1. Count of lysine pairs in the stretch 16-232 with Cα atoms under 27 Å apart, counting only pairs 8 or more residues apart in sequence or on different chains?
2. So what is the diffusion coefficient of the stretch 286-347 in µm² per second by Stokes-Einstein at 20 °C and 1.002 mPa s, using a Kirkwood Rh over Cα pairs?
3. Mind giving me the nanometre distance, one decimal, between the label points for residue 245 and residue 493, set 7 Å out from Cα along Cα→Cβ?
4. Ranked by Cβ crowding within 10 angstrom, fewest neighbours first, how are 161, 107 ordered?
5. Hull surface divided by four, with the convex hull built on the Cα atoms of the stretch 16-232: how many nm²?
6. If r is the Cβ-Cβ distance from residue 172 to residue 252 and R0 is 60 Å, what FRET efficiency results, to the nearest 0.05?
7. Only helical DSSP H runs with n ≥ 4 go in: add -39500 (n - 2.57) per run for the chain, normalise by residue count and round the 222 nm mean residue ellipticity to 500 deg cm²/dmol.
8. Determine the gain in length on full extension of the stretch residue 184-residue 224; use 0.36 nm per residue of separation and subtract their C-alpha separation, reporting nm with one decimal.
Amino acid sequence: MRFELARSERLARATHQASIKRYQQAMKQAFWKFRPSVGSFTICAITTAYLLLIANQTFWARAADYFRNDRFALILFITGISAGALALLTLVSAKYVTKAFLIFFVLTASAASWFTDQFGVIVDREMIRNMMDSNAAETGHLITLRFVIHLLLTGVLPVVLILWVRIVHRPILSKLLHNSAIIVACLLVLAGSAISDYKTIAGVGRAHPDIMEPLTPFFPMTSAVRYGLDVMKGPRGAPKPLGTDARRIAGNKPRVTVIVAGETARAEDFSLGGYKLDTNPELKKRDVVYYPNTTSCGTSTAVSIPCMFSNYTRQSYSHDKALSTENLLDVLKHANVSVSWLDNDTGSYNVTDRVAYDFLPPSADPRFCSGGECHDEILLDRMDQWLNNIHGDSVLVLHQLGSHGPAYFARYPDAFRRFVPDCRAEDFGKCSEEEIRNAYDNTVLYTDFVVSQVIDKLKAREMSVAASVIYVSDHGESLGENGLYLHGAPYLVAPSQQTHVPFLAWIAPDVQKANGFDVSCMSKNASTPVSHDNFFHSVLGLMDVSTTAYDRSLDIFAACRTPGAVAENSTMKTAVIK
């Protein structure tokens with residue numbers, strides 16, 4: 001009897017599960033069988049409206065602001081942009097490829113709009129270059145739960161609907177004529193909208209050249225094409241030699257300079273420059289010279305690092321020029337200076353192609369690292385090993401992870417949680433502005449400690465090396481000012497928070513005396529505006545490297561060196577080395 005009951009229960013369960021499975025299969029078949037049919041132009045028009053209305057909040061807000069004094073011009077601008085977008089989507093409306101293009105547009109717009117609307121980030125060519133050079137750990141901090149939900153709702157769901165419907169195409173000749181007529185009509189509307197109030201629209205365009213930058217997915221796609229064309233140029237030949245005539249004045253002790261390349265530190269939060277919170281308690285004890293009016297070459301690492309190590313000014317710099325010309329590190333090598341680079345960030349962006357380079361995060365040193373990233377104290381640990389192997393004039397570059405967001409809390413150990421409450425999330429939406437600012441200030445406090453330790457390590461070896469330290473950040477950071485966060489804004493319209501960076505120098509007393517550096521003069525003149533343009537020449541001057549690539553007018557230390565001190569020193573030591 002029990003056996004029969006158990007057998008009956010098993011049969012009932014099996015029958016029930018089979019019924020559920022048949023029901024699910026039937027629903028699935030019904031979903032894909034009973035699909036609505038939509039004309040190719042109709043689906044393009046619907047997708048255009050969706051992209052413009054849902055994925056372009058920042059774009060329309062910016063347009064409304066720029067055209068606030070002329071609503072008629074704003075209407076014309078909206079009409080023209082809508083017509084142009086429809087023309088583009090109609091252009092890719094061809095059998096077998098329409099859905100693929102529409103899906104690509106929707107997913108690109110969904111992802112780009114998140115960063116544009118949430119952080120004010122513009123996805124231009126340099127931002128794409130920066131993204132391509134990012135590592136998995138850095139990218140992981142940007143993939144938050146809110147981002148995933150946004151992508152599902154505004155990207156994946158519309159894609160499912162596009163896949164579900166049947167797109168009806170006209171016969172090929174009819175379709176060609178029909179689409180051509182629509183595209184021409186749209187272009188006429190675009191042109192007519194511009195001509196109807198050209199004076200106002202052109203004036204706004206000239207006054208605000210950034211107006212089109214938040215337009216997704218079209219601006220990011222154009223930027224991706226420009227980046228792709230750069231990559232397709234292929235490998236370049238050997239870079240043009242620079243400073244091959246470089247010589248360095250010899251001294252009794254090896255000349256050693258440590259360059260700390262900061263990451264995402266903004267001058268506005270350095271107490272050395274007057275910030276209300278004491279974010280630099282250690283550096284203010286170290287007799288450093290701080291330059292409070294320093295501007296960066298770019299607003300992203302991919303631009304600023306190769307730019308500041310190049311011999312080009314910001315106005316003349318380009319990515320191609322940087323790759324095709326030797327840089328500061330090459331000139332130092334030509335002068336027989338040993339050059340090494342320790343990297344705790346995302347790479348050197350080809351600056352170190354011809355010098356010793358060590359990328360530290362893969363070491364996963366448990367004392368400093370977790371989750372594929374390391375605290376900057378790993379640089380101090382490796383610096384000790386480097387110092388133990390100095391045999392002559394040397395330059396060491398320490399590339400920090402510094403204050404890179406949005407996971408500011410991950411950039412400093414708990415011992416440096418001085419400013420609280422601090423944001424402990426990667427998603428800024430979970431934190432107040434005060435918490436975000438406190439977390440960021442803690443990263444500056446930690447950088448203060450790291451740079452101070454670099455100075456102390458060199459002080460401890462003053463009997464064996466003639467030392468100096470330079471610290472400068474690659475770019476700054478927005479922390480909610482004017483609705484912007486992070487960095488990477490186009491330089492033309494970037495806020496000062498992203499371009500105003502900290503810059504300081506420390507020169508050992510014996511170097512000051514022997515080589516004529518007047519630190520009191522340097523401090524007195526420190527408020528003079530300087531920039532990354534000065535970096536290349538100032539390092540050469542600090543290392544006493546003579547070369548035709550050196551421009552004394554761009555060396556921020558030159559004006560405060562005793563006339564003739566370098567020549568006297570070279571005569572006294574009787575050697576100029578190559």
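1. On the way: 21/33; 28/95; 28/99; 33/95; 33/99; 33/175; 95/175; 99/175.
Number of lysine pairs found: 8.
2. Estimated via Stokes-Einstein, D reaches 158 µm²/s.
3. 4.6
4. 161, 107
5. Values: hull surface 65.4 nm².
Its average projected convex-hull area is 16.3 nm².
6. Efficiency, from the Cβ-Cβ distance: 0.10.
7. On the way: 22 runs with 272 residues, N = 578.
Helices in the chain give a 222 nm mean residue ellipticity of -14500 deg cm²/dmol.
8. This chain segment gains 11.8 nm when fully extended.
Here, each number is a calculation from the coordinates, and none is a lab measurement. Remember, it's a predicted structure, so these values are computed and weren't measured experimentally. Cβ coordinates were reconstructed from backbone atoms using ideal geometry, including for glycine residues, and neighbour counts include every protein chain displayed.
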